Amino acid sequence: MTTAAKIPSRESAAPHLHVVGGAFTVEKVRRDFPILSREVHGKKLVYLDNAATSQKPRAVIDAISRYYEQGNANVHRGVHFLSEHATGEHERARRTVQHFINAADASEIIFVRGTTEAINLVAQTYGRTHVRAGDEVLITAMEHHSNIVPWQILCEEKGANLRVAPINDNGELLLEEFEKLLGPRTKIVALPHVSNALGTVNPVGRIVEMAHRRNIPVLVDGAQAVPHMKVDVHALDCDFYAFSSHKMFGPIGIGVLYGKSAMLEEMPPYQGGGDMISSVTFEKTTYNKLPFKFEAGTPNVAGAIALGAAIEYLNGLGMDNIAAYEHELLAYATEKISAIPAVRLIGTARDRAGVLSFVIEGIHPHDVGTILDQEGIAIRTGHHCAQPVMQRFGIPATARASFALYNTKAEVDTLAEGIRKVQEVFA
């Protein structure tokens, strides 16, 4: 046996995937997620906090273990076998991401810590280069804080203005009002593909078209989209697309910034240090080519490899299969939960994905979450890092159940029973 054969590739360790005759079989999918078999407070775990972070299939867990047990080394520039192998796996993961979102080239895929860092990177490189006093950055009223604060910092530094496109009572973007806000001083548009607090799916392709008619670039926060639907950055024609591994069944601590090559080439580096350089003297530094210009320091090698494994897992199931199943599940949950007296849904857009936010009359969402936890049901309560959304709807917080490919209608029924128990406690 050769030395190379001692480190199995992800292909040789790939799991049996569960699409039978084109049908999505959630019962078999659930067996791939070890944590779903555990109990919480003596009750079977019902995990409905996927918008915060998703659980991990065995394929991802094994990819992390395999790297540290059999292939651990630093990447790039190493001439020994382990380093070359780790580099190959790391860059293969980059190509896996490229194909997953249909980017033109692997060099357009920048590994970052997550969506937040990706947005900050664009704000502090493209933004600082192009935004001047009196210019405008356009976002929406449904943003996560990670797509508000970086632009506020930039606008305060430059003397620019942050403009906010409004939403209606259903949580949908008012497109006519949005288009009116696009003007000669607008230097960039940044918006979510899917709202983390409302589940609203924005018509990103149409919005990009509006902006590009005025030569305005667009950044899309895709953190809540990539686990639920097929994303094609070429078809969307967005200039930047950001997402996080941990919301799409991969590990915590790694994410992706996609950017068009022409945009990335002209942007200055975000951080300085190892691997983002071509040469260094005390007089001058020459920066590395893409994507390495934006990846200073030792990367999260295990995270990248495991993200690649998560994408391969999703590809094996089929994103269209996942989207169809989750659409049916969300419709069932919407009908079931909205039928409970004194429950009001927050976010009722016609096109939604993954999220069901609600309030119960007379009961604080934190109390809802605490009692549901005792029933083994994990949801998220609070403002969901979207305080302006809560202000728009005149509430301090919501209870948010968020779904993933392994959730079931039976779990929705358990959630409904839990909500009724909450109401009984406060009756």
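The values are calculated or read from the model by the stated rules, or taken from the named source; none is laboratory data. Since the model is a prediction, treat every value here as computed from it, not as a measurement. Note: ideal-geometry Cβ built from the backbone for every residue, glycine included; neighbour counts use all protein chains shown.
A few comments on the model shown:
- Any hit, region 272-281, residues being hydrophobic (A, V, I, L, M, F, W, C) and touching a residue at least 24 places away in the same chain (Cβ under 8 Å): no
- Subset of region 48-76 (residues that are touching an Asp or Glu at 6+ places or on another chain (Cβ under 8 Å) and either free of Cβ contacts under 8 Å to residues at least 24 places away in the same chain or over 23 Å from Phe292 (Cα atoms) (or both)): Leu48, Pro57, Arg58, Ala59
- Single match in Ile363, Ile311, Ile346 (criterion: touching a strand residue (DSSP E or B) at 6+ places or on another chain (Cβ under 6 Å) and either among the acidic types (Asp, Glu) or under 24 Å from Asn196 (Cα atoms) (or both)): Ile346
- Check on Gly259, assigned by TED's automatic domain parsing to the domain that holds Arg185, buried (at least 20 other Cβ atoms within 10 Å of the Cβ) and within 19 Å of Gln55 (Cβ to Cβ): no
- Lone qualifier among Arg350, Arg344 - being in a strand (DSSP E or B), in contact with an Asp or Glu (Cβ under 9 Å, 6 or more places away or on another chain) and not assigned by TED's automatic domain parsing to the domain that holds Gly171: Arg344
- Only residues that are crowded, with 19+ Cβ neighbours inside 10 Å, modelled with pLDDT of 95 or more and of a type in the set (Val, Ile, Thr) were counted across region 59-79, and they come to 1.
- Neighbours by Cβ (under 6 Å, 6+ apart or cross-chain): first from region 219-248, closer than 17 Å to Leu191 by Cβ and without any contact (Cβ under 8 Å) to a residue 40 or more places away in the chain; second of a type in the set (Val, Ile, Thr) and not in a helix (DSSP H, G or I): Cys238/Val218; Cys238/Val220; Asp239/Val218
- Residue check, Phe100 of a type outside the set (Gly, Ala, Ser), at pLDDT 95 or above, in a helix (DSSP H, G or I) and assigned by TED's automatic domain parsing to the domain that holds Ala296: yes
- Odd one out for Pro150 among (1) surrounded by fewer than 18 Cβ atoms within 10 Å (Cβ to Cβ); (2) in contact with a helix residue (DSSP H, G or I) (Cβ under 9 Å, 6 or more places away or on another chain): (1)
- The requirement of being surrounded by fewer than 20 Cβ atoms within 10 Å (Cβ to Cβ), at pLDDT below 95, outside any helix (DSSP H, G or I) and acidic (Asp, Glu) is fulfilled somewhere in region 265-282, by at least one residue.
- Of all residues in region 415-427, those that are farther than 17 Å from Ser338 by Cβ and of a type in the set (Val, Ile, Thr) total 1.
- Considering region 383-414, and only residues there that are of a type in the set (S, T, N, Q) and either surrounded by 21 or more Cβ atoms within 10 Å (Cβ to Cβ) or farther than 18 Å from Ile340 by Cβ (or both), the residue that is nearest to the chain's Cα centre (by Cα) turns out to be Ser402.
- The number of residues in region 196-254 that are closer than 24 Å to Thr348 by Cβ and acidic (Asp, Glu) comes to 1.
- Tally, over region 80-112, of residues that are of a type in the set (Lys, Arg) and crowded, with 18+ Cβ neighbours inside 10 Å: 1
- When residues in region 103-114 are screened for being in contact with a Phe, Trp or Tyr (Cβ under 7 Å, 6 or more places away or on another chain) and not in a loop (DSSP other than H, G, I, E, B), 3 of them pass.
- Of all the numbered requirements in (1) more than 22 Å from the chain's Cα centre (by Cα); (2) in a loop (DSSP other than H, G, I, E, B), Thr370 misses one, and that requirement is (2).
Results for (1) of a type in the set (A, V, I, L, M, F, W, C); (2) outside any helix (DSSP H, G or I); (3) touching a His at 6+ places or on another chain (Cβ under 8 Å), shown as yes or no for each residue.
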| position | (1), (2), (3) |
| --- | --- |
| Gly308 | no, no, no |
| Ala324 | yes, no, no |
| Leu329 | yes, no, no |
| Leu356 | yes, yes, no |
| Met390 | yes, no, yes |
| Ile395 | yes, yes, no |
| Asn407 | no, yes, no |
| Glu417 | no, no, no |
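- Against the test of being within 24 Å of the chain's Cα centre (by Cα) and among the small types (Gly, Ala, Ser), the options Ala160, Ala165 yield a single qualifying residue, Ala165.
- Only listed residue being basic (Lys, Arg), touching a strand residue (DSSP E or B) at 6+ places or on another chain (Cβ under 7 Å) and touching a residue at least 12 places away in the same chain (Cβ under 8 Å), chosen from Lys289, Lys293, Lys260: Lys293
- Ala333 vs. criteria assigned to a helix (DSSP H, G or I) and either more than 22 Å from Gln224 (Cβ to Cβ) or not assigned by TED's automatic domain parsing to the domain that holds Ala165 (or both): yes
- Residues of region 28-41 classified as without any contact (Cβ under 8 Å) to a residue 40 or more places away in the chain and touching a Gly at 6+ places or on another chain (Cβ under 9 Å), total: 0
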